[in-house]
Amino acid sequence: MSTHTGFQGNTYLDLSSEMTKIVAHWQKINLNFDALYLGYLGQNALDFWLDKIEQIKRADQVVLIDPAMADHGKMYRGLDEEYVKKMRQLIPKATILTPNITEAAFLLGKDLTKVSLEKAQEFATELAKKFSIPNVVITGISITKEKIGEVGVTDGKNWSLIQKKLSGSFFGTGDMFASAFLAAVLHGNNLEKSCSIAADFIRLAIMNTKQNPLFGPNYAAGLPWLLDEIEK
């Protein structure tokens with residue numbers, strides 16, 4: 001993609017046909033990863049992972065699936081209900097699922113007319129049970145005009161976090177959150193602590209953003225803090 005879909009007229013080149021050769025090369029050179037992280041895929045890449053994930057992932061591997069497909073109550077441009085149905089088939093392969101509140105509602109086929117921390121916690125619990133996922137974190141829960149939060153289920157235990165909401169709307173925060181969250185998890189932090197670290201990282205990035213929000217938060221400003229925090 002030349003840009004994310006927030007910009008009109010972006011170009012798009014589907015490289016999913018290369019995935020079989022890419023994975024074969026990784027296996028040939030014995031390249032192993034501590035985690036498997038799947039985010040925005042698109043239709044063809046989603047089909048690839050549905051077909052190949054069992055052959056690629058290891059039994060001891062963290063598999064984080066961020067089902068990036070919707071926000072603010074609607075699907076991303078170019079994705080449809082068929083995509084949601086296939087994503088429902090993929091997410092049981094995850095050890096950690098990190099949808100935003102809109103994606104959680106689509107995955108469950110639920111109405112999202114009213115958002116609350118309690119409703120999000122219900123969604124997280126239902127996702128964990130329905131799809132047999134041990135760890136679920138739901139992000140981007142707008143609680144009030146001043147507060148935003150996340151909820152989680154970790155091996156059956158519920159937890160929640162609340163932060164001060166910052167003004168503005170920024171593209172890319174979901175990807176940034178999941179990446180920082182996974183980095184914290186891989187450094188031995190529990191899911192609740194990792195979620196807190198990721199949320200604070202996003203807050204620092206937004207607070208240091210001077211450019212047009214379409215270009216995303218200034219994540220580079222928060223990287224030194226993030227690297228220190230995940231290793232504490």
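The values are calculated or read from the model by the stated rules, or taken from the named source; none is laboratory data. Here the structure is a predicted model, which means the values were calculated and not measured. Don't worry about glycine lacking a Cβ; one is built from the backbone with ideal geometry, like all the others, and counts go over all protein chains shown.
The residues of the range 204-232 that are basic (K, R) and more than 16 Å from F171 (Cβ to Cβ) amount to a single one, K232. Taking (1) under 27 Å from G188 (Cβ atoms); (2) of a type outside the set (K, R); (3) free of Cβ contacts under 8 Å to residues at least 40 places away in the same chain in turn, T20 satisfies each apart from (1). Does A35 satisfy the condition of being in contact with an Asp or Glu (Cβ under 8 Å, 6 or more places away or on another chain), under 27 Å from A104 (Cβ atoms) and of a type in the set (G, A, S)? Spelling it out, it is not the case that A35 is in contact with an Asp or Glu (Cβ under 8 Å, 6 or more places away or on another chain), under 27 Å from A104 (Cβ atoms) and of a type in the set (G, A, S). Here the range 128-142 is the region considered, the condition is being out of contact with any Ser or Thr (no Cβ under 7 Å at 6 or more places or on another chain) and either surrounded by fewer than 20 Cβ atoms within 10 Å (Cβ to Cβ) or polar (S, T, N, Q) (or both), and the residue that is modelled with the lowest pLDDT is S142. Taken residue by residue, the range 148-167 has no member that is in contact (Cβ under 8 Å) with a residue 60 or more places away in the chain and crowded, with 19+ Cβ neighbours inside 10 Å. Please determine whether any residue of the range 81-89 is loosely packed, with under 14 Cβ neighbours inside 10 Å and more than 30 Å from T11 (Cα to Cα). Among the residues of the range 81-89, not one is loosely packed, with under 14 Cβ neighbours inside 10 Å and more than 30 Å from T11 (Cα to Cα), which makes the answer no. Restricting to the range 60-113, and then to whatever is assigned to a loop (DSSP other than H, G, I, E, B) and charged (D, E, K, R), can you tell me which residue is nearest to the chain's Cα centre (by Cα)? Result: D66.
Please tell me if E122 is without any contact (Cβ under 8 Å) to a residue 12 or more places away in the chain, charged (D, E, K, R) and assigned to a helix (DSSP H, G or I). Answer is yes for this residue. When S194, S132, S160 are checked against the criterion of being of a type outside the set (A, V, I, L, M), under 27 Å from K93 (Cα atoms) and not assigned by TED's automatic domain parsing to the domain that holds P67, a single residue qualifies: S194.
Out of the residues in the range 1-35 that are surrounded by 15 or more Cβ atoms within 10 Å (Cβ to Cβ) and in contact with a Leu (Cβ under 7 Å, 6 or more places away or on another chain), which is farthest from G172 (Cα to Cα)? Among those residues, the one meeting the criterion is A35.
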